[in-house]
Amino acid sequence: MTGTETLTPEQQRVKDEFVAVRGTWGEPWQRILELDPAFLEAYLHFSSVPWTRASHLEPKVKEFVYIAADAAATHLYEPGIRQHIEAALRHGATPAEIMEVLELTSTLGIHACNIGVPLLLEVLEEEGVRTGPAPLDERRERLKAEFTANRGYWHEFWEGILELAPDLFEAYVELSSVPWKTGTLEPKVKEMIYVAFDAA
């Protein structure tokens, strides 16, 4: 079956329900429908909980979460990105808001450093190559203050990156601060985007 052929009554019922609840349809859903309509229906019921139950997120923000998950470097699912950008626009999102979601999502890669650098420091200390954190020089103190001012927080996992790779840290401060300086999304929405792509 190619999607242009006639669906069984059961397949049509599932497709109609999917479109009514999710407001979208596409090739991946068509293929799943053809192979296992019962699974697609169960997936619909599972994935539509935020849409059919009480929710504190407005529809465009729900779509932002999908965009972040699909656009994360660990996932990068282009059909989903397109589908959810279109849906976000239908729900009143602006192109600038969607760009801000993508800007926030682009910072995912640094999170590997947040885990990896502390482990590196542990190994360096175990091997006797490092005896503890070096005091921050003037430049590093300035970068720490700039990050805190731009992002509104500081966490100890930044210490190692700042110590070992101040050039990388400085470039990351610039990159990660853009949506916080020029964006329009509320801070809680920005943080929701971080949660979404970390979960992805």
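The values are calculated or read from the model by the stated rules, or taken from the named source; none is laboratory data. What you see is a predicted model; the values in this text were computed from it and never measured. Please note: Cβ atoms are built from the backbone with ideal geometry, for glycine as well, and neighbour counts cover all protein chains shown. Ligands, DNA and RNA are stripped out before the accessible areas are found, and what is left, the full protein with its side chains, is counted by its heavy atoms. Shrake-Rupley method; radii C 1.70, N 1.55, O 1.52, S 1.80 Å.
Assigning unit charges at the beta carbon (Lys, Arg +1; Asp, Glu -1) and nothing else, what dipole magnitude in debye, to the nearest 20, does the chain show about its Cα centre? It would help to have the intermediate numbers written out before the result.
Details: 18 positive and 33 negative charges, 145 e Å.
Charge dipole, the chain, about its Cα centre: 700 debye, nearest 20.
If you run the Gaussian network model on the chain, springs between alpha carbon atoms under 10 Å, then out of Y43, Y66, Y172 the most flexible one is Y43. Building the convex hull from the alpha-carbon atoms of region 67-200 and averaging its projection over directions returns 8.8 nm².
Considering only alpha-carbon pairs that sit under 8 angstrom and 6 or more positions apart, the relative contact order computed for the chain is 23 percent. Short-range pairs are left out: with C-alpha atoms under 8 Å and at least six residues apart, the relative contact order of region 19-83 is 23 percent. For region 54-179, the residue among P118, I161, L108 whose Cα projects farthest onto the positive side of the dipole built from Cβ charges is L108.
Given R0 = 45 Å, the distance between the Cβ atoms of L168 and D16 translates into a calculated FRET efficiency of 0.30.
Summing -39500 (n - 2.57) over the DSSP H runs of n ≥ 4 in the chain and dividing by its residue number, what mean residue ellipticity at 222 nm do you reach, to the nearest 500 deg cm²/dmol? Counting only the DSSP helices, I get -22500 deg cm²/dmol. Share of carbon and sulfur in the accessible area of region 69-200 stands at 60%, probe radius 1.4 Å.
Across region 11-20, coupling constants 3J(HN,Hα) worked out from phi with the 6.51/-1.76/1.60 Karplus curve, θ = phi - 60°, read 4, 5, 4, 5, 4, 4, 5, 4, 5, 5 Hz, and Gly and Pro carry x. Taking every alpha-carbon pair under 8 Å whose residues sit at least 6 apart, region 21-129 reaches a relative contact order of 22 percent. Computed over region 1-152, the Cα gyration tensor eigenvalues convert (square root of 5λ each) into semi-axes of 45, 20, 13 Å, ordered from largest to smallest. In this simple spin-label model, placing a label point 7 Å from the Cα along the Cα-to-Cβ direction at both S48 and R90 gives a separation of 1.3 nm. With the convex hull constructed from alpha-carbon coordinates only, region 135-200 shows a mean projected area of 4.9 nm² over all directions. Any chance you could run the full-extension gain for W25 through S177? It's 0.36 nm times the residue separation minus the Cα-Cα distance, nm to one decimal. Answer, rounded to one decimal: 51.1 nm. Taking the Cα atoms only, what angle lies between the long axis of helix 59-71 and the longest principal axis of the chain, rounded to 10 degrees? Once rounded, one gets 70 degrees. Given a 1.4 angstrom probe, what's the average accessible area per residue across region 1-115, in square angstrom? Heavy-atom accessible area per residue stands at 55 Å². A simple rule links phi to the HN-Hα coupling: the Karplus curve 6.51 cos²θ - 1.76 cosθ + 1.60 with θ = phi - 60°, which for region 140-153 gives 5, 4, 5, 5, 4, 5, 5, 4, 4, 5, 6, 9, x, 7 Hz, with x for Gly and Pro.
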